[in-house]
Amino acid sequence: MPSTVVHVAVAGLLATSLLADHFDARAALVVMAAAALPDLDTLVGLWVPGGHRAVLHTLLLPAGMGALLLVDRARGNLIRRRWGDYGVRVAWVSLVSLLVAGIGLDLFTNGVNALYPLHDQFYSVSGELSFSNERGLVQTFVETKARGSTETTHYRTGFDLARGPDPKRKERVFPVVQSGRQLLLGAMSFGILGFRVWESHKK
């Protein structure tokens with residue numbers, strides 16, 4: 001499962017590319033915070049059984065935020081009046097970051113409760129796309145897998161090892177990076193971010 005560091009790293013790449021001329025350190029931090037937001041339901045899971053990967057990983061969250069941004073645009077542009085084009089760009093890129101880097105990475109890795117609380121079911125989108133000389137084009141991404149509800153599904157974290165009381169004297173692991181690919185992604189993202197921040201200060 002991607003750690004919060006990996007979510008933030010992907011958000012950093014989104015910030016460097018989508019903020020365009022509005023990129024600065026503050027805007028990048030807002031975009032990265034949006035990607036980290038869903039992982040706060042790790043703590044919610046301590047009180048709400050099955051709450052991790054459900055309460056803040058629901059696609060209803062970005063849908064609701066997108067609706068608010070559209071309403072703001074149609075009825076007065078409060079964001080634009082307060083922060084100008086900069087604020088509008090940061091708001092929309094943060095929404096993309098929440099959807100793609102925050103929730104999307106988990107949906108395409110271990111699964112999320114995509115429509116919680118309207119429909120209590122965890123889903124995972126995973127598969128492969130390849131070309132075989134014997135089977136031709138092979139793709140299995142359309143086979144979305146149901147993984148159970150909040151009553152039957154528990155994602156183990158360093159904070160919450162098991163459904164119910166945590167076993168005593170069990171190792172608590174808080175992942176930072178879990179593969180060479182994740183390490184490379186993090187190093188690349190934070191390197192590019194650092195360069196863009198340095199570049200923005202030169203202007």
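What the table shows:
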{"quantity": "Residue within the stretch 102-114 that is within 30 Å of residue 20 (Cβ to Cβ), open to solvent by less than 60 Å² (accessible area, probe 1.4 Å) and at pLDDT 95 or above present", "calculated": "yes"}
{"quantity": "Residue that is modelled with the lowest pLDDT [pool: residues in the stretch 135-161 that are under 23 Å from the mean Cα position of the chain (by Cα) and small (Gly, Ala, Ser)]", "calculated": "158"}
{"quantity": "Matching entry among 115, 56 (being within 30 Å of residue 191 (Cα to Cα) and of a type outside the set (Asp, Glu))", "calculated": "56"}
{"quantity": "Where a residue in the stretch 100-116 is closer than 13 Å to residue 54 by Cα and its partner, wherever it lies, is in a helix (DSSP H, G or I) and of a type in the set (D, E, K, R), with Cβ under 7 Å and at least six apart", "calculated": "112/106"}
{"quantity": "Residue 44, sole failed condition from (1) in contact (Cβ under 8 Å) with a residue 60 or more places away in the chain; (2) in contact with a Gly (Cβ under 7 Å, 6 or more places away or on another chain)", "calculated": "(1)"}
{"quantity": "Residues being touching a residue at least 40 places away in the same chain (Cβ under 8 Å), in a helix (DSSP H, G or I) and surrounded by 17 or more Cβ atoms within 10 Å (Cβ to Cβ) - total across the stretch 1-36", "calculated": "22"}
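The values are calculated or read from the model by the stated rules, or taken from the named source; none is laboratory data. Not measured: the values here are computed from a predicted model. Every residue, glycine as well, gets a Cβ built from its backbone with ideal geometry; the counts of neighbours run over all protein chains shown. Just so you know, the surface numbers come from the protein's heavy atoms only, side chains and all, with ligands and any DNA or RNA stripped out. Shrake-Rupley method; radii C 1.70, N 1.55, O 1.52, S 1.80 Å.
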